[in-house]
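This report concerns only the one structure given below.
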Amino acid sequence: MAKLLVPLVMLGAVAGPQRCPPRCLCPAAAPSPTLLCARTGLLAVPPSLDRGAVELRLADNFIGSVGRSDFANMSSLVHLTLSRNGLRRLAPGAFADLRALRALHLDGNRLPALSGAQLRGLASLRHLILANNQLAAIEPAAFAAFAATVEDLDLSHNNLPALPWEAVAAMASLATLTLDHNLLERVPAGAVAGLPRLARLDLTANRLRALPPVPGPPGPSLAAGGNPLHCNCELLWLRRLAGPGRLESCASPPPLAGRLLWAVPEEELSCRAPAIAAAAADPAAVLEGQPLRLGCAAAGDPPPALHWLGPDGRLVQNGSRRALRPDGSLELRVATLGDHGAFTCVASNAAGEAAARVHVAVLPLPVARGGGGGGGDEDGGDEAAGPSDMARAGAANESVRVVAGELTESSVRIRWSSPRRHGPGVRMFQLQYNSSLDDSLVYRLLPPSSRSFVLRDLASGREYQLCVAALYAPPAVPAAATRSLGCVRFLTPSSSSSSSSSSSGGPPAGCSAQPPRPHFVGGTVIVVIGAAIAASVLVFILILTARYKAAAAARRPGADHDRPPSPTNVASVCSQTNGA
């Protein structure tokens, strides 16, 4: 029996746990389980794959997509080849189970883009070949799973106009980066400076006009031929590396066009310092809260980079109020009094820098004289009750007044009168005031029938400046669509002042007495009614008590011996006796 079992066990070991999939070869002489399914006309990944295989070759087939379960549970796979299949789609997580995979060949397919989920799970990947696809975009998260392990990245012969250079800079083990025959127009400065193991960088046949210096010597082997390079002083480093065997050539300037870079003398690779041709503000003067644009034009070789310094001398950054445009202009969406002064346009390149000052005038919004309890500036007399300067200038003989009242720690009621001459043409009213957190402006639009508005969520102990403007329909005011009605300043009381004023028995200074709140009046009425009901019940109880005492005194024995009993009393007594 034992002699019969031994040959059966040996036969099972040779046959393996699974048979070879149809149209595939499984060479028994291979040092590790290998599946050769190339050039067999497969339309999809065979479902009967040996999940314990170490190498799988599926090249030169017609596999158009890879699903999530095609390579599931193949945790031993080390080498996967899917070249020249016409692949168009990779499902998210298609390689999530290939934790031991070291080489992935996807070249010669039709992949249009790479997302972060498609290459998820490849924690041991060292070689990624994506050449000869149709890649036009790559997400930065696409390389995150293997950024620490990848050594060879081939993205040549694609349609990439840009690359996620931040993700490439995180590949500490990268030795070969192949990017030839793409549409790259720019390589950021320092993009490969943090790659200590980089040995070869191929940027051949792109659209690069400039190249930042690569680290060295010794540095990576660089190939950059076939690019329309602009030969100036920025390429001196490449000229010193160039030799008779290099193919980098100049496309501009015209005197150097068509010449090989290594054949151009260094003294001809020159730069021109920037010169600012024009710098102006449009418009030069605005009211507080209005937008304006600062333009700056400069020329130089190479083209200078433009940046702006504010009136305080600080570098202007993009924000909610300020925006730097690609052409170098600066847009102030909402001008403030802090923008009043001179902005400086600075143009800089490798040859030097130039600066020009642009003066901006920001006029403060006029303040209504006489706040009517709103805390505005008061000059006394009839002048204090008049309209603001803007309203007086824009609408003569028009009495418009903005008043702040019912002031509390967190709210205020704003009232204003409507302009008489253009009342029917008012489209809406606009309220403008400073924010509770900073000096940025807040806007509120109200319907034309509004004459008052309650601002809430204000900060206690903060000074506010509020202006009301009327927005007119174009036929009503052809010259200007906006007319300021007036402004007012007010100070919200602080919490400490409110508590001290309540303890002293009077309102705080600068604040008017507040009328009783509706909920306070309702509570008072309820208390009064309850007190009346309680008093009525108490009186009723007192009356019942008095009557009870009187009746008890009347029934007491001997209380009426001196008085002869009346007939009624005698009859009552007899009746009670007979009944007993």
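Odds and ends about this structure:
- Spin-label model distance (nm) - ALA144 vs SER494, 7 Å beyond Cα toward Cβ: 4.8
- Label-point separation in nm, ALA251 to ARG126, each point 7 Å along Cα→Cβ: 3.8
- If you plug the beta carbon distance of ALA263 and LEU445 into 1/(1 + (r/R0)^6) with R0 = 51 Å, you get a FRET efficiency near 0.15.
- In this calculation the C-beta distance from ARG413 to ALA280 is compared with R0 = 41 Å, giving a FRET efficiency of 0.40.
- Calculated FRET efficiency, ALA136 to ALA38, Cβ-Cβ distance, R0 = 30 Å: about 0.60 to the nearest 0.05.
- Amide hydrogen neighbours beyond the local backbone of SER221, cut-off 5 Å, H modeled: ARG200, LEU201
- For PRO212, the shell of other residues with beta-carbons less than 11 Å away shows a net charge of 0, using +1 for Lys and Arg and -1 for Asp and Glu.
- Calculated from backbone phi, Karplus (6.51, -1.76, 1.60) coupling profile of segment 59-69 in Hz, x at Gly/Pro: 6, 6, 10, 10, 7, x, 8, 10, x, 5, 9
- Rounded to the nearest whole Hz, the Karplus-based 3J(HN,Hα) values (6.51 cos²θ - 1.76 cosθ + 1.60, θ = phi - 60°) of segment 440-448 follow the sequence 5, 8, 10, 10, 10, 10, 10, x, x, with x at glycine and proline.
No lab work stands behind these numbers, since they all come straight from the coordinates. If you're wondering where the values come from, they're calculated on a predicted model, not measured in any experiment. Because the Cβ atoms are built from the backbone with ideal geometry, glycine has one as well, and the counts that use them run over all protein chains shown.
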